[in-house]
Amino acid sequence: MTAIDRTVDEGTVQGFAGEIPAKALGPTLMHEHIFVTAPELDADLPDPEWDAQRAIDDAVATLERLYDLGVRTVVDLTVPGLGRDVGRVAKVAERTRMQLVASTGCYAADVLPTYFRLHGPGLVVDEPDPLPALFIRDIEEGIAGTSIRAGMIKVASGPAGITPDVERIFRAAASAHLRTGVPVTTHSEPHIRGGLDQQALFAELGVPLDRIIIGHSGDSTDLDYLRRIADRGSYLGFDRFGMTHVARDEDRVQTLFALLEAGYADRIVLSHDAAVHSRMTPPSWRREHTPDWHMEHLSRTILPTLRERGVEEGVLTQLMTGNPRRLLAGMS
C-alpha cells in the first residue's frame, strides 16, 4: 500500500477528543490500559468486581490525580483481544482533563481468534485478509463506528516467538503503518530476546525501526540485548514499573540508569502497563500483591528516585515528553 492520508501530518496525534497538537502532548505514558475486560467470558461468568459506572468514576479520578501530578497524555493500548470498548472509555475522556489516545491492533501472542484463522487468502473463507482493513479503518475512519481514530498500533508475540499467526498480525500492522504513518508498539518477551525477532520482521516488511517501541524491554537486565535494539533505532519500552510479580523495580531502575549513562536517553519511553480495572488481574488481587502497580507510580516514586540518583531534569523531560512526541507525532 502507498502512504496516504498520514494522520501524523502537521504534528498532530489522534485522541479520543479529536486531534491533539504535538506541542500539547506534554508528559506522556505510552503503555497503559483504562479497562481490560473479557466480554465473552463476562456473559457466562460475570466479573464479581466489575461495576461499569464505578469503573468509569474510578478511571476519571485516577486520571485527574495523574493530571495533577503533571502527566498530560495517556496512550490506552487496549486493542481487540483485551476487551476494547472505546465507547466506555469515551465516557471517561469527556470527564477528565487528561488527553487519551486510542489504539488499534490485535492482542494475540500465539494464535489468532478463530474468525481470523478462517478468513483470508487461501483460507476456508477465501477473501482479502480482514486484519489490515480493520487496522486502517480504525486509524482513518474511526473505531467501531465512532469518530474516535487510533493513534497507535499494538501487536504482540509470546514465548513461542513469531508464529505464523503472529507474523500475519505483524504484516497487517506494517501495512497499516506504511499507509498511515501511525507508530507501532509491541508486547515482547525479553527473556527470550523476542524484541530482536520483532525488529527483524518489521525491518523486512519495510517499517522504519525508529517508528517502533519494543514493549516490556525494561523487564530485561541484559544490556547487550537492549543496546542491540536501541542501536537499530527502535525505542525501548520501560513500561512495567510497579509490576513486581514480573520483575523488580530496583532492577528496572538500575538497568535504565545504565542505559542513560551510556547515552540512550533518546531511545527510551516510560510507563506502567497498568489498568484502572482488569479482569485478568482484578483490583483486589493488585491491592494485595502489587500495590505499586498503578499509573501514579512513576510520578510519585520512580522519577523522584532517578532525580536522587543524579538524572538531570532535561533527560527526564526527554523520556516523558520528547520521545513520546517524536514517536506519536513524527516530530521532535
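Just so it is clear, none of the values below were taken in a lab; they were calculated from the coordinates. The shown structure was predicted, so the numbers you read here are calculated from the model rather than taken from an experiment. Don't worry about glycine lacking a Cβ; one is built from the backbone with ideal geometry, like all the others, and counts go over all protein chains shown.
Once fully extended, how much extra length lies between ARG300 and ALA144, figured as 0.36 nm per residue of separation less the alpha-carbon to alpha-carbon distance?
Details: separation 156, 0.36 × 156 = 56.16 nm, distance 3.57 nm.
The ARG300-ALA144 span can extend by a further 52.6 nm.
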In whole Hz, with x marking every Gly and Pro, tabulate ³J(HN,Hα) for segment 274-288 from phi via Karplus 6.51 cos²θ - 1.76 cosθ + 1.60, θ = phi - 60°.
-> 8, 9, 5, 9, 10, 5, 6, 10, x, x, 5, 5, 5, 4, 7
Can you list residues whose amide H is under 5 Å from GLY105's amide H, if they're 5+ apart or on another chain and H is modeled 1.01 Å from N?
-> LYS154
Name the long-range amide H neighbours of VAL182: under 5 Å, sequence gap of 5 or more, or other chain; modelled H, no Pro or chain starts.
-> THR7
Give a residue-ordered list of calculated ³J(HN,Hα) values for segment 102-109 (Karplus: 6.51 cos²θ - 1.76 cosθ + 1.60, θ = phi - 60°; whole Hz; x for Gly, Pro).
-> 8, 10, 10, x, 8, 9, 9, 8
With an 8 Å cut-off on Cα pairs and a minimum separation of 6 or more residues, tell me the relative contact order of segment 71-142 in percent.
-> 28
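Could you work out the relative contact order of the chain, using alpha carbon pairs under 8 angstrom and six or more residues apart, expressed as a whole percent?
Details: 657 pairs, mean separation 70.3, N = 332.
Rounded, it is 21 percent for the chain.
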Residue of VAL71, VAL253, VAL311 that the Gaussian network model of the chain assigns the largest fluctuation, springs spanning Cα pairs under 10 Å = VAL311
Cα Rg, Dmax (largest Cα-Cα span) when computed across the chain, Å | 18.6, 59
Quick one: putting +1 on the C-beta of Lys and Arg, -1 on the C-beta of Asp and Glu, what dipole do you get for the chain around its Cα centre, in Debye to the nearest 20?
-> 600
In terms of modelled amide H atoms, which long-range or inter-chain residues lie less than 5 Å from the amide H of ARG95?
-> none
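Ignoring the sites themselves, what is the longest stretch of the chain with no GluC sites (Glu not before Pro) in a DSSP loop and at most 14 other beta-carbon atoms within 10 Å? Let's see the in-between values first.
Details: sites that count: GLU49, GLU94, GLU141, GLU312.
Here the longest run is 142-311.
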